[in-house]
Each structure stands twice: as C-alpha cells, then as structure tokens.
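Quick note: the coordinates plus some simple rules give every number you see, no bench work behind them. Note that the structure is a prediction, hence the values are computed from the model and not measured. Every residue, glycine as well, gets a Cβ built from its backbone with ideal geometry; the counts of neighbours run over all protein chains shown.
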Amino acid sequence: MSDITRDEYCVIACAEAWRDDGAVLASAFGFIPTLGARLARATFSPELLISDGEAYLVANDLPLGSHQKVVEGWLPFRSVFDVVWSGRRHVMMGAVQLDRFGNQNISMIGKHDKPKAQMIGVRGAPGNTVNHATSYWVQNHSTRAFVASVDMVSGVGFDRARANPAAGRFHGLRRVVTNLCVFDFSTADHAMRLRSIHPGVELDEVLANTGFEVEHVPNVPETRAPTVEELRLIREVLDPNDVRKSEVKP
Amino acid sequence: MSIDLRATRDDVVAELRDGMTIGIGGWGSRRKPMSLVRAICRSGVRDLTVVSYGGPDVGLLCAAGKVKRVVFGFVTLDSIPLEPHFRRARESGSIEATEMDEGMFYLGLLAAAWRVPFLPTRAGLGSDVMLVNPSLRTVRSPYEGGEEVVAVPPLSLDVAIVHMNRADTRGNAQFLGPDIYFDDLFLQAASKRFVSCERLVETGEFEGPVQTLRINRSMVDGVVEAPRGAHFTSCEPDYGRDEAFQTSYVKAAGDEDAWAAFRARYIDVDEAAYQEATR
C-alpha cells in the first residue's frame with residue numbers, strides 16, 4: 001500500500017508500544033497516541049483498558065470526538081492514582097523536552113523561580129514514571145525537543161532511576177514515537193536507541209534533529225506499515241474525520 | 001433548634017485575612033467555585049497562598065493581584081492547555097511556586113485531613129520536584145527492605161471553597177457529575193469550609209444515588225446558593241464548560257486594554273450583573 005500517510009505510520013508505531021501489555025490502563029495524551037491505544041485494543045492487545053479522559057472506562061471502539069460510549073467502568077481522577085500506584089498502567093505522555101536517558105520536561109523552560117516559559121506543570125509525570133510503564137509522543141521532532149539536558153525533570157529517566165533504588169524499582173520507559181521515527185531504550189545503559197524510521201524519512205534528518213548522540217545500527221529498519229485491516233480501523237472506524245492529520249504534517 | 005448554614009459571598013470573603021492559605025476545589029476548568037473566586041478578586045484581601053488543581057481560579061486570582069504563592073501540580077484550562085494569567089505571573093516572577101506531582105498533592109490533602117505528619121509515596125523520587133521544593137524530605141521504611149520514599153507533608157488550609165450541584169441548608173452537599181474530584185478532601189483539610197451550590201434543596205429531596213452525598217455537614221461551615229456559580233467552567237450535568245466564553249477570556253488576557261474591559265464587565269460587578277452579562 002503506497003498511499004499510507006505519515007500520520008498512519010505514527011498511529012501504528014504508538015499502537016505497538018502497548019503490544020503484550022495485558023489488562024492495564026492504556027492512557028494516552030494527544031490524538032495520535034489516543035488512536036494508537038484504541039487501535040492496539042481493537043487488534044492485537046484486546047485486554048487493554050481505555051479511559052475517555054474523564055471518569056469512564058470505555059468498552060467500544062470509540063471514534064475520536066464521539067460520545068457514543070459503552071461504559072465498562074468508573075474511573076474518577078482519585079481512582080486513577082490507585083491504578084498508577086498499583087502499576088497497572090502504561091501511559092504515553094507528551095514531552096516539551098527529552099534527554100537521551102528519557103528525562104522529560106513538561107513544566108517550564110528556564111529557572112524555576114522565574115521561568116522564561118511557564119508550561120502546564122509536572123502533572124503526574126514524576127509519579128507515573130516511577131510506578132509504571134511510560135512512553136512518549138513528540139509530534140515535532142527537533143533539537144528543541146531532544147536536548148542534552150532538560151530544564152526541569154518532570155518524568156524520570158533511566159539515569160535518575162538507576163541512581164535511586166526506590167525510584168528505579170518499578171520504573172520503565174518503553175518507546176518514544178515522533179513524527180520521524182521510533183526510539184527505544186534497549187542499550188546497555190538504557191540510553192535512547194533508534195528503533196525504526198518512518199518511510200520517507202532519511203537517517204540524517206533524524207540525527208540532525210536530535211540534540212544528542214543516538215545509538216543506531218547501519219541500516220535502521222523502517223517502521224512497519226499498518227495492515228489492511230488496521231488501516232480500515234484507523235480510517236473508517238476510529239478516525240473517520242481525519243482528526244489525526246492535524247497533529248502530523250505529511 | 002434547626003441548623004441553618006446559609007451564607008452569602010460576603011460572609012465567605014469576610015473569613016479571609018491577608019496571607020491565608022486557601023484551597024479551591026474542582027480540577028482544571030471543571031466545577032470551580034467561580035462566583036466565590038470573583039468575590040475574592042473584588043475584595044481587599046492579598047498575599048494568599050492558593051492550593052489548587054489549577055484552572056481559571058488560579059488565573060483570575062493572579063490577575064487580580066491576590067496571590068503570593070501557588071501550590072500546584074498543573075494549571076490548565078483543559079480545552080486550552082495553558083492558563084494565560086498564571087503564565088504571565090510566573091514569567092514575571094510576581095508569584096512564588098510550590099510545584100509537585102498531582103498525586104503528591106492528593107496525599108498532602110489527605111495527610112491534612114487525617115492529621116498525620118506525612119504520607120509516603122514513590123511519586124517525586126528522582127524528579128526535580130525534590131530540587132525545587134528543598135523542604136521536602138524522604139523517609140526510610142522501618143520494615144523489611146528499608147525503602148526510602150517521599151514523605152509528603154500535610155497541605156493544611158485556612159479556608160476551603162468548593163462548588164457542588166446540590167446542598168441543603170444544613171450543610172450536606174452532593175455532586176451529580178461523574179467525578180467529585182478532591183472536593184471532600186479540600187473541605188476536610190481546612191479550618192473554615194464553604195460550599196457554593198447550583199441549587200439548595202430540602203434534605204428529603206436529594207435526588208440520585210446515595211454515593212453522591214459525599215459531603216456531610218460535619219465538613220461544612222457555610223453554604224452559598226450560587227446558580228451557574230461554576231461558570232465558565234463545567235458543572236456536569238447542570239451545564240458544560242462555556243468554551244466560547246473561555247476562549248474570549250484567554251483572548252482578553254493577551255491585551256491590557258481588552259483585559260481592563262473584561263474585568264469591568266465580568267469581575268468588578270456583582271453576581272447578578274455577571275450572570276446577566278454571560279447569559
């Protein structure tokens with residue numbers, strides 16, 4: 001299929017992050033990760049639990065923007081912490097900055113007492129990252145996002161987790177999916193490694209837009225294409241209005 | 001003697017003193033006690049420490065110059081990610097910040113409610129939350145393994161304000177939406193506790209399942225009837241968020257003249273005029 005677009009490679013790459021996770025809460029921030037979680041459950045990871053981002057667990061293959069929910073559970077914000085702290089969750093968060101060990105910043109740029117740019121705050125990132133599996137979605141892969149060191153560690157990376165036994169006990173970063181490629185942390189010291197490149201993207205483009213050294217094999221594989229059935233689910237069931245295309249340029 | 005906890009917005013404001021710590025219920029741009037927040041904006045009180053799962057409540061109080069410090073895990077308008085007034089206050093260095101993981105925040109309220117010196121958690125370990133809050137301490141488990149975890153101190157409040165769907169004059173209150181957020185804990189963490197509500201009802205006329213009667217009168221000192229009192233934030237199922245108004249709020253925040261006009265029309269007016277202007 002030659003007409004598969006970049007946003008669809010991003011969706012399948014996000015979906016793959018949740019493969020083999022079993023009955024955990026798949027929490028996603030952003031349209032593409034949300035589609036990824038819903039696609040994974042609709043296909044190869046049927047045990048995943050999916051929230052509507054408010055207070056409900058949803059059993060059906062909910063299209064983006066739809067309110068036609070089949071509710072299978074109640075999960076108000078306070079109960080989300082029970083899930084987080086029990087470890088039965090795999091979240092895919094956004095990141096304004098990420099370093100090579102996966103330290104993430106969504107709080108602020110500059111100095112904490114008077115930031116150059118105040119963002120949303122650390123939210124649940126500190127607690128998420130030391131309690132359950134975490135992946136990241138970066139929609140604009142650039143040297144502004146992939147930096148040598150982040151301004152405020154919100155989500156905890158592998159180096160920090162290694163240095164603190166109680167932080168490291170349940171810590172685990174899985175994937176970083178961007179508009180260009182997929183990273184994992186499958187190196188000896190758990191630094192970021194280039195896992196696959198989306199078709200149409202050159203290796204040099206990835207390296208030039210990443211502000212630190214990235215481990216990679218000489219011939220980095222391409223991100224796998226969605227199957228015919230997966231494409232149908234993305235295009236006709238989960239996102240018939242093409243909302244995903246607003247998040248990733250072709 | 002019948003119990004009657006009915007109060008006015010002025011009664012609530014009269015409890016506030018300069019430098020107090022005030023907790024505000026709701027979450028982001030959801031079920032915020034906005035009519036009480038606007039009343040505080042119009043008052044003479046200052047130097048407040050605001051404890052909130054932050055939304056436009058934090059923004060309005062920052063814009064009105066009422067805030068010395070914000071205790072937060074996030075400040076957001078939900079459908080619009082960043083709160084413009086909070087952002088400006090932080091970037092100008094005009095407010096102090098106590099930033100923590102949103103789960104630590106929950107445990108801080110719970111520790112205050114339970115009157116214990118701390119509650120343990122893994123959240124915060126390894127993150128810069130520990131760096132920007134130098135007073136935060138860890139504690140070693142006295143049990144096998146001896147793990148060292150964060151000891152979250154109580155978030156004790158002088159005053160708490162929350163907005164509910166229904167209440168009676170005795171101080172019992174009810175949420176009818178899908179989530180109470182942390183409103184019961186805000187009340188239990190505070191010395192003086194105020195509930196505003198969409199509608200006062202007779203005690204025998206609470207509708208909906210008994211689980212929604214989460215706030216009982218031992219947790220409340222005053223009840224203010226405030227129809228549309230959470231506007232422009234959401235108050236399900238009575239009304240959703242007024243997205244158009246929220247957008248106009250953000251637009252006005254970006255320009256000094258526009259903000260002066262917004263303030264004159266929507267904040268420096270009494271509740272009836274606000275409700276009329278936003279119909």
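Any residue at all in region A:50-60 that's charged (D, E, K, R) and touching a residue at least 40 places away in the same chain (Cβ under 8 Å)? The answer is no; no qualifying residue exists.
Residue by residue, here is whether (1) in contact with a Pro (Cβ under 6 Å, 6 or more places away or on another chain); (2) free of Cβ contacts under 8 Å to residues at least 40 places away in the same chain; (3) more than 11 Å from every other protein chain (Cβ to nearest Cβ); (4) assigned to a loop (DSSP other than H, G, I, E, B) holds:
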position: B:Val116; (1), (2), (3), (4): no, yes, yes, yes
position: B:Ala123; (1), (2), (3), (4): yes, yes, no, yes
position: B:Ser127; (1), (2), (3), (4): yes, yes, no, yes
position: B:Gly145; (1), (2), (3), (4): no, yes, no, yes
position: B:Asp158; (1), (2), (3), (4): no, no, yes, no
position: B:Asn165; (1), (2), (3), (4): no, no, yes, no
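There is at least one residue in region A:34-51 that is within 20 Å of A:Val237 (Cα to Cα), within 14 Å of chain B (Cβ to nearest Cβ) and not aliphatic (A, V, I, L, M). Can you name every residue in region B:147-156 that is assigned to a loop (DSSP other than H, G, I, E, B) and within 14 Å of chain A (Cβ to nearest Cβ)? Scanning region B:147-156 gives a single hit, B:Glu147.
Candidates are the residues of region A:11-31 that are in a helix (DSSP H, G or I) and in contact with a strand residue (DSSP E or B) (Cβ under 6 Å, 6 or more places away or on another chain); the one that is surrounded by the most Cβ atoms within 10 Å (Cβ to Cβ) is A:Ala17.
Among residues of region B:129-143 being within 14 Å of chain A (Cβ to nearest Cβ) and more than 29 Å from A:Asp113 (Cα to Cα), the one that is farthest from the chain's Cα centre (by Cα) is B:Tyr143.
State which residue is nearest to B:Ser156 (Cα to Cα) when the search covers only region B:30-49 and only residues that are in a loop (DSSP other than H, G, I, E, B) and in contact with a helix residue (DSSP H, G or I) (Cβ under 6 Å, 6 or more places away or on another chain). Per the criteria, the residue is B:Lys32.
Residues of region B:68-104 that are more than 9 Å from chain A (Cβ to nearest Cβ) and in contact (Cβ under 8 Å) with a residue 60 or more places away in the chain: B:Val71, B:Leu77, B:Asp78, B:Ser79, B:Ile80, B:Pro84, B:His85. Look at region B:1-26: where a residue is part of a strand (DSSP E or B) and a partner is among the hydroxyl-bearing types (Ser, Thr, Tyr), sitting 6+ places away or on another chain with Cβ atoms under 8 Å, you get B:Arg6/B:Thr169; B:Thr21/B:Thr49; B:Thr21/B:Ser156; B:Ile22/B:Thr49; B:Gly23/B:Ser52; B:Ile24/B:Ser52.
Taking the stated definitions as given, is A:Glu54 within 14 Å of chain B (Cβ to nearest Cβ) and either surrounded by 14 or more Cβ atoms within 10 Å (Cβ to Cβ) or at negative phi (or both)? Yes; evaluated as a whole, the condition is true for this residue.
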